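Trainee: Have a look at this one.
The values are calculated or read from the model by the stated rules, or taken from the named source; none is laboratory data. Everything numeric here is computed off the predicted structure, so don't read it as measured data. Cβ: placed from backbone, ideal geometry, glycine included. Neighbour counts: every protein chain shown. For accessibility, only protein heavy atoms count, side chains too; no ligands or nucleic acids. Shrake-Rupley method; radii C 1.70, N 1.55, O 1.52, S 1.80 Å.
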Amino acid sequence: MQNNTDSSRPLIAVKSDFDRFVEWQQAFKERDIDIVDWRQRHQHLERLRYALVWQPEAGALADMPALEVIFSIGAGVDHLKGENIVPEGVPVVRMVQDSLTAGMVEYVVFQVLGFHRNMHRYIHDQRAKRWSPIPYPMPAERTVGILGLGVLGSAAAKALKQFGFHLAGWSRSPKSVPGVKSFHGDAQLPDFLAATNYLVCLLPNTPQTEGLINRDTLSALPSGAFIINAGRGSAVVDDDLIAAIRSGHIAGAALDVVNDEPLDDKSEYWEMENVIITPHIASMTHPSDSADHVAQNIRRHLDGLSLTHLADLDRGY
Ligand code: NDP
Ligand code: OXD
């Protein structure tokens, strides 16, 4: 079916994650776009102006002579970094879609509330048949600080605000999100950290964000702070975080992303009682609605309009 394409319709090659090709096929069919499986792209190279990819092999996109736009299946574009991945001059559109944002909001709210209400401790208490109530503070006595106040960080902040937490965000440039105190740049990082009880990281992987959560920044947080990382594992210096948790300065961490995925079975994180590991599932791209974002951009491209949500690969996000 995928090879039965109509040459007047746009054609996109899809290298899907999680084997979701059939879902993408259905979603694009409903939007009058033809699609080919990544492995069969060679049969359609002259017609393939678009590619939707997750972790393409080096050289693969460069071997598509008609390629005009690359769509990232993820919000992050770090999987497109590196030698000979994105051909010179071909724009990259990153994924921005309501369902992806909603998934991240769910994850962040879930983890903040879980730590706030001590669920990480009650899980162990239950296993030990221990009935041991722990007093908890009011949300108005706690601040959630979000590293990366972009599409996902702003949406998570807005959702958390409804519970009564104080909210702060840190980004490169100043932001104006109602009810969220904006900090920006390296100079304002210490003040942001000093007031943060739940540190949520939604930063992209760039040279500037690498290792940002380290011994110094962790010690700048108030004692008893929690870490929630759903951005990229590269932001964390693992040995520093492990030491800070062992010392009790950091009360717990939820890590959806780690430096080397999948997490090595020798990692100390697995055994740490106050650490919650999830396998990079904080949010996912759902073909049934994310095809809208791709289809709209293909229409814009065909109409000669500017593309939305272009990534800046030099900046790294
Ligand atoms: P955005 O580009 O909308 O937001 C990124 C934010 O990070 C911006 O506010 C940006 O600041 C800030 N930022 C980047 N570099 C720096 C820096 N050096 N110092 C301070 N702030 C910085 O991205 P999204 O919100 O859509 O996505 C964020 C990340 O989330 C993705 O890159 C991806 O890594 C991760 N992700 C993880 C998923 C998961 O399942 N775990 C799912 C989806 C995404 P400014 O606005 O000023 O430029
Ligand atoms: C993304 C991701 O970048 O899934 O969207 O991590």
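Trainee: Determine which member of the set R232, R215 is open to solvent by 20 Å² or more (accessible area, probe 1.4 Å), touching a residue at least 12 places away in the same chain (Cβ under 8 Å), of a type in the set (K, R) and within 26 Å of Q55 (Cβ to Cβ). Please lay out each step first, then the result.
Mentor: Details: R215 fails: within 26 Å of Q55 (Cβ to Cβ).
Answer to the selection: R232.
Trainee: Restricting the search to the range 287-311, which residues are of a type in the set (G, A, S) and free of Cβ contacts under 8 Å to residues at least 24 places away in the same chain? Don't jump to the end; show me each part of the working.
Mentor: First pass over the range 287-311, keeping only residues of a type in the set (G, A, S): 288, 290-291, 295, 304, 306, 311.
Hits for the range 287-311 are G304, S306.
Trainee: Further, regarding this structure: If the requirement is being in contact with a Lys or Arg (Cβ under 7 Å, 6 or more places away or on another chain) and part of a helix (DSSP H, G or I), which of these qualifies: A295, A243?
Mentor: The match here is A295.
Trainee: A follow-up question, please. Any residue at all in the range 256-271 that's among the aromatic types (F, W, Y) and open to solvent by 40 Å² or more (accessible area, probe 1.4 Å)?
Mentor: The answer is yes, given that some residue of the range 256-271 is among the aromatic types (F, W, Y) and open to solvent by 40 Å² or more (accessible area, probe 1.4 Å).
Trainee: Next question. Return the residues of the range 271-283 that are under 18 Å from R232 (Cα atoms) and away from ligand 1 (no atom under 12 Å from the Cβ); say none if nothing qualifies.
Mentor: If the condition is that a residue be under 18 Å from R232 (Cα atoms) and away from ligand 1 (no atom under 12 Å from the Cβ), then V275, I276, I277 are the ones that fit.
Trainee: When you scan the range 149-211 for strands (runs of 3 or more DSSP E) that lie fully inside it, which ones turn up with 2 or more residues that are within 10 Å of ligand 1 (Cβ to nearest atom) and in contact with a Phe, Trp or Tyr (Cβ under 9 Å, 6 or more places away or on another chain)?
Mentor: Values: elements: 166-171, 180-184, 198-201.
Per the criteria, 166-171, 180-184.
Trainee: Of these, L305, L310, which one is within 19 Å of the chain's Cα centre (by Cα) and exposed (fewer than 15 other Cβ atoms within 10 Å of the Cβ)?
Mentor: On the way: L305 fails: within 19 Å of the chain's Cα centre (by Cα).
Testing whether each residue is within 19 Å of the chain's Cα centre (by Cα) and exposed (fewer than 15 other Cβ atoms within 10 Å of the Cβ) leaves just L310.
Trainee: Residues in the range 200-207: is at least one without any contact (Cβ under 8 Å) to a residue 12 or more places away in the chain, among the aliphatic types (A, V, I, L, M) and assigned by TED's automatic domain parsing to the domain that holds Q111? Reasoning before the result, please.
Mentor: Here is the first cut: in the range 200-207, the residues without any contact (Cβ under 8 Å) to a residue 12 or more places away in the chain are none.
The answer is no; no qualifying residue exists.
Trainee: Can you tell me which residues in the range 159-174 are open to solvent by 80 Å² or more (accessible area, probe 1.4 Å) and either more than 20 Å from E141 (Cβ to Cβ) or within 16 Å of ligand 2 (Cβ to nearest atom) (or both)?
Mentor: R172, P174
Trainee: A further question follows. If you go through the range 63-93, how many residues are within 18 Å of the chain's Cα centre (by Cα) and among the β-branched types (V, I, T)? If you could, list the steps in order and put the result at the bottom.
Mentor: In the first step, residues of the range 63-93 are kept if they are within 18 Å of the chain's Cα centre (by Cα); the result is 71-81, 92-93.
So of that shortlist, the ones also among the β-branched types (V, I, T) come out as 73, 77, 92-93.
Final tally of qualifying residues: 4.
Trainee: Still on this structure, please answer the following. Tell me whether the range 95-116 contains one or more residues that are open to solvent by 20 Å² or more (accessible area, probe 1.4 Å) and in contact with a Pro (Cβ under 7 Å, 6 or more places away or on another chain).
Mentor: Taking every residue of the range 95-116 in turn, none turns out to be open to solvent by 20 Å² or more (accessible area, probe 1.4 Å) and in contact with a Pro (Cβ under 7 Å, 6 or more places away or on another chain).
Trainee: Only one residue in A155, A187, A140 is within 16 Å of ligand 2 (Cβ to nearest atom), free of Cβ contacts under 8 Å to residues at least 60 places away in the same chain, open to solvent by 20 Å² or more (accessible area, probe 1.4 Å) and more than 22 Å from V275 (Cα to Cα). Which one? Walk me through it before giving the result.
Mentor: Working: A187 fails: within 16 Å of ligand 2 (Cβ to nearest atom); A140 fails: within 16 Å of ligand 2 (Cβ to nearest atom).
Step by step, each of A155, A187, A140 is checked, and only A155 is within 16 Å of ligand 2 (Cβ to nearest atom), free of Cβ contacts under 8 Å to residues at least 60 places away in the same chain, open to solvent by 20 Å² or more (accessible area, probe 1.4 Å) and more than 22 Å from V275 (Cα to Cα).
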